[in-house]
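What follows is a single structure, written as structure tokens, with notes after it.
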Amino acid sequence: MTLPAPPRAAVFGSPPPDLVDTPEGAVQLSPLRPGAAAIEGIAEASLESIVLLAPPGAVERRFTLAHALRALRPGGRLVALAPKDRGGARLNAELTAFGCTVAERFKARHRICEAERPQLLSGVEAALAEGAPRFIEGLGLWSQPGIFSFDRIDPGSALLLETLPGLKGHGADLGAGLGVLARGILGSPAVASLALVEIDRRAVEAARRNVEDERARFHWGDARETDLAGLDFVVTNPPFHAEGAEDRGLGQGFIRAAARMLSRGGTLHLVANRHLPYESVLREAFRTVDTTAESGGYKIFEARK
């Protein structure tokens with residue numbers, strides 16, 4: 001059997017095509033693209049080129065840039081870009097600190113940096129260590145910079161945990177993150193199974209370490225597209241940002257997906273920021289909708305199909 005040739009070009013995220021060209025056949029490396037290769041797993045000095053929409057978080061961005069440079073052969077080409085107010089202003093300095101000579105241009109509120117990998121890199125190992133998975137002592141959980149609420153329990157999730165009724169049967173945690181909600185849900189012996197659905201590969205890997213329960217099933221994918229069905233309950237703290245930009249349609253999509261997954265009489269337990277427009281979508285998709293708690297800018301909804 002002939003093994004597939006290793007990739008020669010890669011792309012991270014979705015760089016705007018009107019700003020940069022992505023090489024044909026480039027392998028996707030973003031942890032937010034289900035099925036993508038892991039940038040950590042690309043062999044050292046194996047790529048000819050990589051185009052990278054840099055993450056907004058500083059630690060995650062340096063980690064990603066360091067891995068991109070590690071994976072490039074000496075002389076390989078890196079194109080990294082980001083909006084100026086979401087990390088773009090720091091790209092040149094960060095790449096220069098790694099030993100690169102950077103050519104920079106500006107277009108459509110983005111900074112676009114081009115560089116060749118130098119023969120000798122500097123500071124890469126420190127950036128890789130700073131952005132690597134770690135055990136967060138205060139949480140008692142495995143996590144990694146770049147994951148949502150990576151070093152604290154989100155207050156919305158905390159409120160949802162406090163107000164959840166005793167659950168039973170087969171259920172799902174949509175946007176499961178590190179497994180914070182799942183650990184609480186699985187505290188009920190009446191729960192027969194729980195599907196943890198999460199779009200961030202890093203969070204799925206962390207949740208596998210955090211949720212050691214044979215009833216748990218882990219799914220790396222978009223909760224809006226999963227084929228789960230016949231469930232008794234769904235619990236979710238849905239996202240409303242996509243790669244740094246607010247997208248209120250995300251949570252609405254989670255609500256519609258939950259309605260498809262549930263059996264008649266099944267319940268959705270959802271936490272949302274007060275300002276998010278979810279009530280009308282909940283009433284369209286569910287037979288009854290109740291607000292069961294409000295605190296600290298959050299609402300808890302219980303909706304029955």
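The values are calculated or read from the model by the stated rules, or taken from the named source; none is laboratory data. As the structure is a computational prediction, the values presented were derived from the model and not from experiment. Don't worry about glycine lacking a Cβ; one is built from the backbone with ideal geometry, like all the others, and counts go over all protein chains shown.
Quick one: how many residues across the range 193-206 are among the small types (Gly, Ala, Ser) and farther than 11 Å from Arg217 by Cα?
Residues flagged as among the small types (Gly, Ala, Ser) and farther than 11 Å from Arg217 by Cα within the range 193-206 amount to 2.
Look at the range 22-44 and say how many of its residues are at pLDDT below 95 and acidic (Asp, Glu).
1
Conditions: (1) surrounded by 15 or more Cβ atoms within 10 Å (Cβ to Cβ); (2) in a strand (DSSP E or B). Arg105 meets all but one. Number of the miss?
Of everything listed in (1) surrounded by 15 or more Cβ atoms within 10 Å (Cβ to Cβ); (2) in a strand (DSSP E or B), Arg105 misses just condition (1).
Okay, residues lined up against (1) under 19 Å from Glu44 (Cβ atoms); (2) touching a residue at least 12 places away in the same chain (Cβ under 8 Å); (3) out of contact with any Leu (no Cβ under 6 Å at 6 or more places or on another chain); (4) not assigned by TED's automatic domain parsing to the domain that holds Leu29:
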site: Thr64; (1), (2), (3), (4): yes, yes, yes, no
site: Ala71; (1), (2), (3), (4): yes, yes, no, no
site: Pro74; (1), (2), (3), (4): yes, yes, yes, no
site: Pro83; (1), (2), (3), (4): no, yes, yes, no
site: Asn92; (1), (2), (3), (4): no, yes, yes, no
site: Cys100; (1), (2), (3), (4): yes, yes, yes, no
site: Glu104; (1), (2), (3), (4): no, yes, yes, no
site: Arg109; (1), (2), (3), (4): no, yes, yes, no
site: Glu116; (1), (2), (3), (4): yes, yes, yes, no
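Going by what's in this entry, would Gly230 be described as out of contact with any helix residue (DSSP H, G or I) (no Cβ under 7 Å at 6 or more places or on another chain) and at positive phi?
Yes: the conditions hold for Gly230.
Determine which single condition Ser149 fails, assuming it passes every other condition in (1) outside any loop (DSSP other than H, G, I, E, B); (2) farther than 30 Å from Gly76 by Cα.
The one condition Ser149 does not meet is (1).
Kindly list, by first and then second residue, each pair from a residue in the range 124-145 that is without any contact (Cβ under 8 Å) to a residue 60 or more places away in the chain to a residue that is of a type in the set (Gly, Ala, Ser), limited to pairs with Cβ atoms under 6 Å and residues at least 6 apart or on different chains.
Note: pairs meeting the criteria are Val124/Ala66; Ile136/Ser143.
Going through the range 181-201 one residue at a time, which ones are without any contact (Cβ under 8 Å) to a residue 40 or more places away in the chain and either acidic (Asp, Glu) or assigned to a helix (DSSP H, G or I) (or both)?
Selection gives Ala182, Arg183, Gly184, Glu198.
Mind telling me which of the residues Ser122, Ser157, Ser143 ends up being polar (S, T, N, Q), crowded, with 18+ Cβ neighbours inside 10 Å, more than 30 Å from Asp290 (Cα to Cα) and out of contact with any Cys (no Cβ under 8 Å at 6 or more places or on another chain)?
Only one candidate passes the filter, namely Ser143.
Answer yes or no as to whether Gly171 is in a loop (DSSP other than H, G, I, E, B), in contact with a Ser or Thr (Cβ under 8 Å, 6 or more places away or on another chain) and farther than 23 Å from Leu32 by Cβ.
no
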